[in-house]
Amino acid sequence: MSRLSAEELLRSVLDDGTFRRWDDSEHAAPLVTGEYAAELAEARRLTGLDEAVVTGEGLLRGRRVAVIASEFSFLAGSIGVVAADRLVAAIGRATARRMPLLAATASGGTRMQEGALAFVQMVRISGAIAEHRRARLPYLVYLRHPTTGGVFASWGSLGHVTVAEPGALIGFLGPRVYEALHGEPFPSHVQRAEHLHAHGLVDAVLAPGELASIADRALTVMCAVDDGLPPPPAEVGPRPRVASTTEPAPAWESVTRSRRPDRPGVRELLRHAADDVLPLSGTGEGESEPGLLLALARFGGAPCVLLGQDRRRQTEQQALGPGALRQARRGIRLASELALPLVSVIDTPGAALSKEAEEGGLAAQIAWCLADLVTLDVPTVAVLLGEGSGGGALALLPADRVVAAEHAWLSPLPPEGASVIVHRDTAHAGEIAGRQGIRSADLLADGIVDMVVAERPDAADEPEPFCRRMGGAVGTELLRLLHAPSADRSARLARYRRDTITFTW
């Protein structure tokens with residue numbers, strides 16, 4: 001595989017003529033002798049560098065960013081004490097100057113010639129990255145060929161967004177070491193970028209020429225609040241609570257409309273109503289479920305982390321499982337760390353009912369999603385887009401503002417399931433739906449939903465106009481929340497309290 005040098009990569013990503021090195025003699029090499037000294041001298045001669053990392057800053061599409069990169073041709077990009085000093089200093093400088101940080105790895109890991117002292121430097125580097133993230137600053141990672149060992153197990157695996165070079169060897173275990181120790185080769189596909197992407201460990205696989213565009217799109221969303229938001233929407237009279245003046249449809253009609261296979265879902269919402277959409281993949285911890293979409297995006301200029309249940313990728317064979325909710329929780333953590341609003345999109349016929357879901361902790365993941373959303377320290381908007389069945393729907397509901405499509409609904413079970421519990425058959429599903437108060441108009445009256453977006457007469461018949469209306473409502477609510485004092489975002493639990501309730505059945 002042909003390889004750009006660290007400087008060539010950085011200059012290709014940054015705007016022409018803006019790259020400025022931070023490395024200097026402050027981090028001079030320690031005194032070494034013997035064979036190691038000769039290896040260092042040869043590496044310097046071949047590369048023109050004095051260490052295996054390059055750090056600095058430049059402009060990326062006009063935005064000032066800090067950069068750190070491995071130089072593989074310098075002793076296989078290995079990290080010793082001096083390289084670690086440079087990385088920690090550069091990361092600290094980026095944090096102090098409140099700069100986004102872009103890292104490009106290509107390394108065999110720890111420098112064996114420096115032994116345990118080099119090995120423990122990964123603790124320092126990881127700590128510096130943690131401080132950068134704690135300061136709510138973006139950290140983007142590009143995993144190049146090869147990235148293995150301690151580099152992958154430290155600063156290579158801590159990105160808010162992580163992409164990888166096509167065909168790159170990426171893994172903790174060095175395949176040559178494995179073969180030498182076990183007498184057989186390690187399966188080659190396991191440590192390839194494409195395999196990691198399929199398992200939710202990297203967000204995308206991209207050639208170096210695509211890196212600038214993707215990084216720019218990510219930072220456009222991540223830095224939108226600091227860059228300056230559009231003004232809040234003008235308040236003219238009372239805020240509309242419902243965009244439709246027609247008589248609400250019966251509950252069962254809404255249920256059947258919400259199940260139309262051509263009804264627009266979260267992907268259509270992003271396609272027609274959002275800008276700077278950057279899909280992310282998986283939990284970052286080895287799981288990826290297609291029923292949950294995670295992305296960075298903007299609605300009407302307002303940035304957000306979006307997590308949405310994807311109606312097109314939930315099937316009876318692949319229902320929404322605990323892994324999908326762990327992906328959602330990754331999105332919640334991203335929103336908190338980056339101080340970005342969170343948008344959750346609810347559209348599910350129900351979570352998985354299976355042995356695997358039980359063993360995977362589905363109930364616990366629902367509970368943790370609820371707890372995370374209730375306590376999340378950024379503005380939140382929930383969108384009830386279609387079906388809202390059971391705990392899988394409830395898991396994404398808590399929010400400062402809840403917007404519903406006209407034919408969306410929310411129920412403890414599908415109406416057929418509720419009918420079985422009450423009547424021991426499914427024949428009463430329509431009657432049960434009408435009596436449970438599950439339709440959007442009922443949810444609005446009960447204060448569970450704040451606004452209903454009209455369907456004219458059905459979102460499936462006008463997908464693009466409907467998505468634009470819904471996206472406009474989401475953007476408006478995000479901007480209102482972003483411009484409001486944080487103390488005004490305290491009603492997530494209050495909406496569910498009722499002093500006197502009478503049920504008639």
Residue 403: within 19 Å of residue 298 (Cβ to Cβ) and part of a loop (DSSP other than H, G, I, E, B), yes or no? no
Just checking: which of the helices (runs of 4 or more DSSP H) contained wholly in the range 109-172 hold 3 or more residues that are closer than 23 Å to residue 212 by Cα? 121-134
With respect to residue 389, is the statement that it is open to solvent by less than 20 Å² (accessible area, probe 1.4 Å), farther than 30 Å from residue 232 by Cα and of a type in the set (Gly, Ala, Ser) true? yes
Kindly indicate which of 221, 205 is in contact with a Cys (Cβ under 8 Å, 6 or more places away or on another chain) and among the β-branched types (Val, Ile, Thr). 221
Note on the range 449-478: residues within 27 Å of the chain's Cα centre (by Cα), charged (D, E, K, R) and assigned to a helix (DSSP H, G or I) are 464, 468, 469, 477
Considering only residues that are modelled with pLDDT of 95 or more and in a helix (DSSP H, G or I), which ones fall in the range 1-34? 6, 7, 8, 9, 10, 11, 12, 13
Residue match in the range 419-428 (condition: of a type outside the set (S, T, N, Q) and open to solvent by less than 40 Å² (accessible area, probe 1.4 Å)): no
Which members of the range 294-322 meet the condition of being in contact with a helix residue (DSSP H, G or I) (Cβ under 6 Å, 6 or more places away or on another chain), over 17 Å from residue 138 (Cβ atoms) and either free of Cβ contacts under 8 Å to residues at least 40 places away in the same chain or among the small types (Gly, Ala, Ser) (or both)? 300, 302, 308, 321
Suppose we filter the range 278-293 for residues that are free of Cβ contacts under 8 Å to residues at least 40 places away in the same chain, within 22 Å of residue 475 (Cα to Cα) and surrounded by fewer than 23 Cβ atoms within 10 Å (Cβ to Cβ); how many remain? 0
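Quick grid of which residues meet (1) in contact with a helix residue (DSSP H, G or I) (Cβ under 6 Å, 6 or more places away or on another chain); (2) at pLDDT 95 or above; (3) of a type outside the set (Ser, Thr, Tyr); (4) under 12 Å from residue 78 (Cβ atoms):
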| residue | (1), (2), (3), (4) |
| --- | --- |
| 101 | yes, yes, yes, no |
| 106 | yes, yes, yes, yes |
| 126 | no, yes, no, no |
| 140 | yes, yes, yes, no |
| 144 | no, yes, yes, no |
| 157 | no, yes, no, no |
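Identify, from the list 326, 333, 298, 311, the residue that is open to solvent by 10 Å² or more (accessible area, probe 1.4 Å), of a type in the set (D, E, K, R) and within 19 Å of residue 411 (Cβ to Cβ).
After ruling out the rest, the residue left standing is 311.
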Report, by residue number, each residue of the range 340-365 that is farther than 20 Å from residue 316 by Cβ, open to solvent by less than 30 Å² (accessible area, probe 1.4 Å) and among the aliphatic types (A, V, I, L, M). 340, 342, 343, 345
Within the range 77-97, tally of residues that are of a type in the set (Lys, Arg) and either touching a Lys or Arg at 6+ places or on another chain (Cβ under 6 Å) or without any contact (Cβ under 8 Å) to a residue 60 or more places away in the chain (or both): 1
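I'd like the full set of residues that are of a type in the set (Ser, Thr, Tyr), farther than 26 Å from residue 467 by Cα and under 19 Å from the mean Cα position of the chain (by Cα), limited to the range 340-397.
Correct list: 375 only.
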Please determine whether any residue of the range 115-131 is surrounded by 16 or more Cβ atoms within 10 Å (Cβ to Cβ) and touching a residue at least 60 places away in the same chain (Cβ under 8 Å). no
If the requirement is being over 13 Å from residue 281 (Cα atoms), at pLDDT 95 or above and assigned to a helix (DSSP H, G or I), which of these qualifies: 211, 181? 211
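Yes/no per residue for (1) of a type outside the set (Phe, Trp, Tyr); (2) outside any loop (DSSP other than H, G, I, E, B); (3) surrounded by 24 or more Cβ atoms within 10 Å (Cβ to Cβ):
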{"site": "382", "(1), (2), (3)": "yes, yes, yes"}
{"site": "398", "(1), (2), (3)": "yes, no, no"}
{"site": "434", "(1), (2), (3)": "yes, yes, no"}
{"site": "447", "(1), (2), (3)": "yes, no, no"}
Residue 43 being touching a residue at least 24 places away in the same chain (Cβ under 8 Å) and part of a strand (DSSP E or B): no
Residue 23 being among the charged types (D, E, K, R), free of Cβ contacts under 8 Å to residues at least 40 places away in the same chain, closer than 27 Å to residue 149 by Cα and surrounded by 14 or more Cβ atoms within 10 Å (Cβ to Cβ): no
In the range 177-230, what residues are open to solvent by 30 Å² or more (accessible area, probe 1.4 Å) and among the hydrophobic types (A, V, I, L, M, F, W, C)? 177, 180, 181, 186, 190, 198, 201, 205, 207, 225, 229
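The values are calculated or read from the model by the stated rules, or taken from the named source; none is laboratory data. If you're wondering where the values come from, they're calculated on a predicted model, not measured in any experiment. Positions of Cβ are generated from backbone atoms using ideal geometry, with glycine treated the same way; all protein chains shown enter the neighbour counts. Surface accessibility is based on the protein's heavy atoms, side chains included, excluding ligands, DNA and RNA. Shrake-Rupley method; radii C 1.70, N 1.55, O 1.52, S 1.80 Å.
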